Amino acid sequence: MSVKTFGVLVFPGSNCDHDAYHAMAHVMNAETKFIWHKDTDLSDVDFLIVPGGFSYGDYLRSGAIARFSPVMQEVTQFAMQGKPVLGICNGFQILLEAGLLPGAMLHNKQLRYVCKQVYLRCETTNSLFTSNLSAGQVLQIPVAHGEGNYFTDPDRLKELQDNDQIVFRYCNAAGELTEEANFNGSVDNIAGICNKQRNVLGMMPHPERAMEKALGSDDGKLIFESILNQFATA
């Protein structure tokens, strides 16, 4: 099978692009390249990562300006062709603004920026991103955001639940969905969702920062191993 190439988008204000590049190129040993926000050719990329950071300084709303960058029209076409896209933190916010995922982000319920290790529960293995995980498996992965309070209306929430689109929920170390674990106030403890076609995932926690035990956890590797294993069997 041909080598798969991962593309990491770079916007003015991105600050997790090099983390994502390191995770894929140096830890997972995958061919990886940066894609500047003004680029419009994604023909040599098989998988897109929209990284975290503060694109355009988070002016207006997080991700609201980046959504209009030239590359985003190509990202939309890329996703509509069924190709995989992973949005992490600010990347998740950008995908929401672009309409590639449903819902919106509000300020954290305590109106404070939160940077810490949290626990996630894998809710479904029916995705490219979690095929190597077990349903109910708990991962320890850091968060770093001020607007990570995921919101959607009751009808759309039921649709997400019915379609098995909720990929990760915030939980405690025992895998329990508690109010305390849901530190940012997200509806239904949601930490990550996918689209109906299951090729686009947005998540607020940073798996690219949980790739080496020296950094506190290497649970993020499980997500990227799922991706690479799916590529290997495609």
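The values are calculated or read from the model by the stated rules, or taken from the named source; none is laboratory data. Given the structure is predicted, the values throughout are model-derived calculations rather than measurements. Note that each Cβ is placed from the backbone with ideal geometry, even for glycine, and that neighbours are counted across all protein chains shown.
Residues that are farther than 26 Å from His107 by Cβ, at least 1 per element: which strands (runs of 3 or more DSSP E) completely within the range 118-234 meet that? Spell out the reasoning first.
Numbers: elements: 138-145, 149-151, 166-171, 190-194, 200-203.
Of the strands (runs of 3 or more DSSP E) lying wholly inside the range 118-234, those with at least 1 residues that are farther than 26 Å from His107 by Cβ span 138-145.
Look at the range 63-82 and say how many of its residues are part of a helix (DSSP H, G or I) and touching a residue at least 40 places away in the same chain (Cβ under 8 Å). Even if it seems obvious, please write down each step before you answer.
Let us first name the residues in the range 63-82 that are part of a helix (DSSP H, G or I), namely 66-68, 70-80.
Of the ones still in play, those that are also touching a residue at least 40 places away in the same chain (Cβ under 8 Å) are 66, 71, 75, 79.
So the answer is 4.
From the list Phe183, Phe168, exactly one residue is of a type in the set (Phe, Trp, Tyr), surrounded by 15 or more Cβ atoms within 10 Å (Cβ to Cβ) and under 13 Å from the mean Cα position of the chain (by Cα). Which is it? Outline the logic, then answer.
On the way: Phe183 fails: under 13 Å from the mean Cα position of the chain (by Cα).
When all the criteria are applied, what remains is Phe168.
What is the one condition in (1) crowded, with 22+ Cβ neighbours inside 10 Å; (2) in contact with a helix residue (DSSP H, G or I) (Cβ under 8 Å, 6 or more places away or on another chain); (3) farther than 26 Å from Asn184 by Cα that Ile88 does not satisfy?
Just one mismatch for Ile88, condition (3).
Among Ile35, Ile65, which is the only one that is crowded, with 22+ Cβ neighbours inside 10 Å and either more than 20 Å from Leu222 (Cα to Cα) or modelled with pLDDT under 95 (or both)? Steps first, answer last, please.
Working: Ile65 fails: crowded, with 22+ Cβ neighbours inside 10 Å.
Only one candidate passes the filter, namely Ile35.
Working only within the range 38-62, note down all residues that are among the basic types (Lys, Arg) and at pLDDT below 95. Quick ask: steps written out before the conclusion?
So in the range 38-62, the residues among the basic types (Lys, Arg) come out as 38, 61.
Across the range 38-62, the qualifying residue is only Arg61.
Being under 19 Å from Pro205 (Cβ atoms), not basic (Lys, Arg) and not in a helix (DSSP H, G or I) narrows it down to one residue among Leu86, Leu60, Leu95; which is it?
Leu86
For residues that are surrounded by fewer than 17 Cβ atoms within 10 Å (Cβ to Cβ) and aliphatic (A, V, I, L, M), tally how many sit in the range 210-227.
Residues flagged as surrounded by fewer than 17 Cβ atoms within 10 Å (Cβ to Cβ) and aliphatic (A, V, I, L, M) within the range 210-227 amount to 2.
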